[in-house]
Amino acid sequence: MVDFVAPWSELKGPAVAEGWLRWHPSRLNECVAARADALPAPLGPAELAELERWQQRWGGDEATLASVACLGQPQTRVVITGQQPGLLAGPLLVLYKAAAAVRLARELKKRHDGLKFVPVFWVASEDHDFNEVRRAWWPGQAGLEEVILQPEVSSPGRMVGLIQSGEFTDGLVASIENSTLRTEFRDEVLALVREAYGSQGATLEDGFCRLLLRLLKGTGLVVVSPLMDWVRRRGAPVLAHELEQAGRTSLAVRERGEAMRAAGLEPAIHRHNGALNMFWIDDDGRRWALREGEGSDYRKVLAETGEELPPASLSQLAAELQANPRRFSPNVVTRPLVQDLALPTVAQVVGPGEAAYLAQVEPIYADFGVFAPLRWPRPEVVLIEPRVERRLRKQGLVVEEALGLDAEALLEVVMRRGAGRDGVQPIEELAARQRAELAEIYQRLGPEAGALRGSFDRLDRAIERGWRSIEEQLLSLRSQDQEQLRAAMSVVASSLYPAGLPQERALNPVAPMAIHYGPDWGLLLLERLEIEPGRGLQSIILAELVAQP
């Protein structure tokens, strides 16, 4: 069974994952073969036309449009991944997941003659967790810069993909321009950001999708939004089934969670018995949770405020779903089912958190008649800027020992290591040897030792104090350039663990990455990325990345 708290690199074999997830990564070919017996219908002409329009709206190139056409063919399979539409294409892990989906689709094409594999990014625009998408960080000239969207641009419960970007575009572009170095790429990247968010009627979703498709242009990546009509229609049977068996799905999720807890794992999803795993959407794009009320009625509750709307019965909800699927949205439990019913997915690139909640969701797939694809672990990557690489090398540090340490902790490591080479370690060894010899002399005195115990103790303490004083003076002498070293370690810490977060969750792929290395740097990363499960943390030195032919 998978320990979802542990790194993916600890997966040891098929038996490890099969306790919670249907497929282990080693069974990828077997999963592809099994999918042939459980395929959704290929996208029809109207669905393809809608999907194509959205790709064109986001600047999708010929490769992306060719992938869209493939989704209308029965021999096509999908490698999927996804994330909320964060600022500036979201955190770096978005790029890693999308690039891994592209790479995995390419690998599967080599293995399976006669099949086509399309990489798809499912942008989670229906999510209403504003805090997940409202900020972006980047290392600027004066330290770590942060842009954070104010609450006024949204409202409680509103789907984040609908947030209008016109209000913040100018400020975002100005912040990037004022805090980054002028490079040969900066004007181009600033224009990209302004175009992504600043066109008339643009939303947070639009900006995200435009930047992501630009970073991975030519790869055939297709971006799918759950706000598309064809997705709503294809996902409606999942929500209809949820209404038909009200409460049963939540019970199954809870039972799996209890089994995981008994195995020493903390469940990721907590559902109330009877809760419906779907939302009702109002005219402003706000998602209202559906909770049990009196009799057969379900209350519509805006969880963020506690506000309620008049309740509705299951039959009323079912009739409304049939008439207008856009009034409803899946939640964390039913969203994967919608994805895998709408598209012929064979693999999904996921992080540890996603794997944890999917472990609770997969048991209900059979009840909904949906095929559960293989969950492929996303790559773990840390990017090393040239200035950081120089500082690490100068101080003899490796990335793994520097990760997660703040500037002061790094300073202490470097100071003690440097002082040890120049005398502290020999001093400590000599002090220990002298005290041991003193103890040996005391033991040799035999019966006379008792009368001299106090003198020996005072001498032992004097030796300890004396050597400690010498060590402290030596450390003080060696720290005369401490402030410069502290500043250097601050640069390292803010790059490897910015804002107290893993780099992949804080920094974004646009500012300053695209400004320093060009808008095509994501394509260079894609070729360098290692996606094999169990690979562990991959360190990529950016200077070497852009220097490759």
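The values are calculated or read from the model by the stated rules, or taken from the named source; none is laboratory data. Remember, it's a predicted structure, so these values are computed and weren't measured experimentally. Ideal geometry is used to build each Cβ from the backbone, glycine not excepted, and the neighbour counts take in all protein chains shown. All accessible areas refer to the heavy atoms of the entire protein, side chains included, with ligands and DNA or RNA removed. Shrake-Rupley method; radii C 1.70, N 1.55, O 1.52, S 1.80 Å.
Being free of Cβ contacts under 8 Å to residues at least 24 places away in the same chain, open to solvent by 10 Å² or more (accessible area, probe 1.4 Å) and either over 24 Å from the mean Cα position of the chain (by Cα) or within 16 Å of VAL238 (Cβ to Cβ) (or both), is that true of even one residue in segment 328-342? Within segment 328-342 (the criterion being free of Cβ contacts under 8 Å to residues at least 24 places away in the same chain, open to solvent by 10 Å² or more (accessible area, probe 1.4 Å) and either over 24 Å from the mean Cα position of the chain (by Cα) or within 16 Å of VAL238 (Cβ to Cβ) (or both)), the answer is no, since none of the residues qualifies. Taking the criterion of being open to solvent by 20 Å² or more (accessible area, probe 1.4 Å) and not in a loop (DSSP other than H, G, I, E, B), the residues of segment 123-138 that qualify are PHE130, ASN131, GLU132, ARG135, TRP137. Per the listing ALA275, ALA268, ALA263, the residue uniquely among the aliphatic types (A, V, I, L, M), more than 20 Å from the chain's Cα centre (by Cα) and surrounded by fewer than 21 Cβ atoms within 10 Å (Cβ to Cβ) is ALA263. For segment 292-304, give me each residue that is within 30 Å of the chain's Cα centre (by Cα) and either of a type in the set (Gly, Ala, Ser) or open to solvent by 80 Å² or more (accessible area, probe 1.4 Å) (or both). Within segment 292-304, ALA303, GLU304 qualify. Just for segment 507-547: of the residues that are part of a loop (DSSP other than H, G, I, E, B) and open to solvent by 60 Å² or more (accessible area, probe 1.4 Å), which one is nearest to TRP137 (Cα to Cα)? The extreme case among them is ASP520. Count of segment 180-230 residues, restricted to those that are closer than 27 Å to THR81 by Cα, touching a Lys or Arg at 6+ places or on another chain (Cβ under 7 Å) and part of a loop (DSSP other than H, G, I, E, B), is 0. Contact map, segment 57-73: residues that are closer than 17 Å to THR345 by Cα and of a type outside the set (A, V, I, L, M) paired with residues that are open to solvent by less than 50 Å² (accessible area, probe 1.4 Å) and part of a helix (DSSP H, G or I), Cβ distance under 6 Å, separation 6+ or inter-chain. Pairs shown: GLY72/LEU48.
Conditions (1) at pLDDT 95 or above; (2) out of contact with any Phe, Trp or Tyr (no Cβ under 9 Å at 6 or more places or on another chain); (3) farther than 20 Å from LEU212 by Cα, marked per residue:
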{"position": "TRP122", "(1), (2), (3)": "yes, yes, no"}
{"position": "ALA142", "(1), (2), (3)": "no, yes, yes"}
{"position": "VAL153", "(1), (2), (3)": "no, no, yes"}
{"position": "SER179", "(1), (2), (3)": "no, no, yes"}
{"position": "GLU195", "(1), (2), (3)": "yes, yes, no"}
{"position": "SER199", "(1), (2), (3)": "no, yes, no"}
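Taken over segment 77-92, the criterion of being crowded, with 24+ Cβ neighbours inside 10 Å, of a type in the set (A, V, I, L, M, F, W, C) and within 18 Å of the chain's Cα centre (by Cα) is satisfied by VAL79, ILE80, LEU87, LEU88, ALA89.
From the set of residues in segment 148-179 that are in contact with a His (Cβ under 8 Å, 6 or more places away or on another chain) and not in a loop (DSSP other than H, G, I, E, B), which is least open to solvent (accessible area, probe 1.4 Å)? Per the criteria, the residue is VAL160. Being surrounded by fewer than 24 Cβ atoms within 10 Å (Cβ to Cβ), assigned to a helix (DSSP H, G or I) and free of Cβ contacts under 8 Å to residues at least 60 places away in the same chain is a description that applies to LEU251.
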